[in-house]
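The structure appears right after this line, and notes come after that.
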Amino acid sequence: MKNCVHFGRFRRITEHPDSFKMAEAYSLSFHTVEGVQNTETQMETGYQLQRTIMIVSIPICTLGLLGNAVVLWLLWCFIPKTNLTVYFLNKAVADLAVLIYYITVFILFLKEVPISLFGLHIMELAHGFGFNASTYILTAICAERFLMVFSPACYKLNRHKHFSEIMCGLLWSLSCLVSVTLYFACYLQLDPLLTEVNSICVPTKTARAIVNLLVFLPIMILSAFFLLVRMLNKPQGSAPEKIDITIVAIVLLFLLFAASVRIVDIAVHWIPQIHISVVFLIFHFLDAIDSSGNPFIYFWVGYTKNQVDSGRSIQMFLQRAFLDDENRTRNASSARR
């Protein structure tokens, strides 16, 4: 059985009439079957709006791709390894996966390239894998920094030497489990006539919502909130540590852009009327801004406009954004030796 989706005009090239049912399994794709339910005029208007959004999105995603690649390269090769830089390195990898997905989808749409439904499912799977991992790793960054600041004695006493590496491995595994489970529960339908596959789709999405929005998101928000309060309560004349500014800034970016995607994804189950391809494309666009914006936040936080910075490389800016006072003092002592 051959099933293809034509990105350009929502056309389906198919040898099986039930392939539409397979496409309808998606709940968070702007290139799914909703378009065939509209009139030709509405489809044309929606297509033009989608095309405009994608033309704007591709340069943003490209800059984000380059920015995350630079961050990954510097963290891997030049920046001193700390408890938190391990997380930021893994987050850059996750953001790269998300941005590669968006650039691929946008280009395929603009070029009107047909793609098989299986290929479409795999792309969605890769996107979910990267997005979930990025969310989980950001939560781990916030939680670990919270413990470093508010319970330093307990943190140092009980922390394993390779805790960051172990935690990143567990979070990537959890992301893989969530994404693959959702894929098999909702998207993989070898026989469209079987209804048993769909029977577990809603419970699976509910479980994902509980994990993402009721477990990880509150931990992220509360940890970042207490870090923000600590920053605001710093004694006058004492500047907040740049790592705290970095964490709070990327959490705010995530909440403003990326979190909205998942919230709408959940709301659509109770409000089917908002399940419109253009609306979801806009939210994907916001998601892409979040993944693209993180590297520029790092460089912005690490940059200070003074004479000391003249001639400095972006490595120094990035390093400054990731190091707290303790690590900065240790590095300065090592440099003097």
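The values are calculated or read from the model by the stated rules, or taken from the named source; none is laboratory data. Source: prediction; values computed, not measured. All Cβ positions, glycine included, derive from the backbone under ideal geometry; neighbour counts span all protein chains shown.
Close Cβ contacts (under 7 Å, 6 or more residues apart or on different chains) running from residues in the stretch 124-137 that are within 12 Å of LEU96 (Cβ to Cβ) and touching a residue at least 24 places away in the same chain (Cβ under 8 Å) to residues that are part of a helix (DSSP H, G or I) and acidic (Asp, Glu) comprise SER134/ASP95. Whenever a residue of the stretch 152-169 is acidic (Asp, Glu), its partners that are surrounded by 14 or more Cβ atoms within 10 Å (Cβ to Cβ) and part of a helix (DSSP H, G or I), lying with C-beta atoms within less than 8 angstrom and at least six residues away or across chains, give the pairs GLU165/VAL86. The numbered conditions (1) at pLDDT 90 or above; (2) more than 25 Å from MET167 (Cα to Cα); (3) not polar (S, T, N, Q) are all true for ARG51 except (1). Among the residues that make up the stretch 184-192, is at least one of them modelled with pLDDT under 85, surrounded by fewer than 16 Cβ atoms within 10 Å (Cβ to Cβ), out of contact with any helix residue (DSSP H, G or I) (no Cβ under 7 Å at 6 or more places or on another chain) and closer than 25 Å to THR85 by Cβ? Looking for residues that are modelled with pLDDT under 85, surrounded by fewer than 16 Cβ atoms within 10 Å (Cβ to Cβ), out of contact with any helix residue (DSSP H, G or I) (no Cβ under 7 Å at 6 or more places or on another chain) and closer than 25 Å to THR85 by Cβ, one finds none in the stretch 184-192, hence no. The residue that is surrounded by the most Cβ atoms within 10 Å (Cβ to Cβ), counting only those in the stretch 233-283 that are modelled with pLDDT under 85 and aromatic (Phe, Trp, Tyr), is PHE280. Show the residue pairs meeting these rules: Cβ distance below 6 Å; 6+ apart or different chains; first residue within the stretch 55-69 and of a type in the set (Lys, Arg); second residue assigned to a helix (DSSP H, G or I) and surrounded by 14 or more Cβ atoms within 10 Å (Cβ to Cβ). Taking only residues 6 or more apart or on different chains, not a single pair turns up. When the residues of the stretch 107-133 are filtered to those that are aromatic (Phe, Trp, Tyr) and more than 21 Å from GLY293 (Cβ to Cβ), which remaining residue is surrounded by the most Cβ atoms within 10 Å (Cβ to Cβ)? Ranking the candidates gives PHE109 first.
Here THR181 qualifies as assigned to a helix (DSSP H, G or I) and farther than 30 Å from ALA321 by Cβ.
Residue-by-condition table, conditions (1) at pLDDT 95 or above; (2) hydroxyl-bearing (Ser, Thr, Tyr); (3) in contact with a Cys (Cβ under 9 Å, 6 or more places away or on another chain):
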| position | (1), (2), (3) |
| --- | --- |
| LEU84 | no, no, no |
| PHE88 | yes, no, no |
| GLU112 | no, no, no |
| ILE115 | no, no, yes |
| LEU125 | no, no, no |
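If you check THR85, THR62, THR52, THR104 for being surrounded by fewer than 20 Cβ atoms within 10 Å (Cβ to Cβ) and within 28 Å of GLN315 (Cβ to Cβ), only one passes: THR62.
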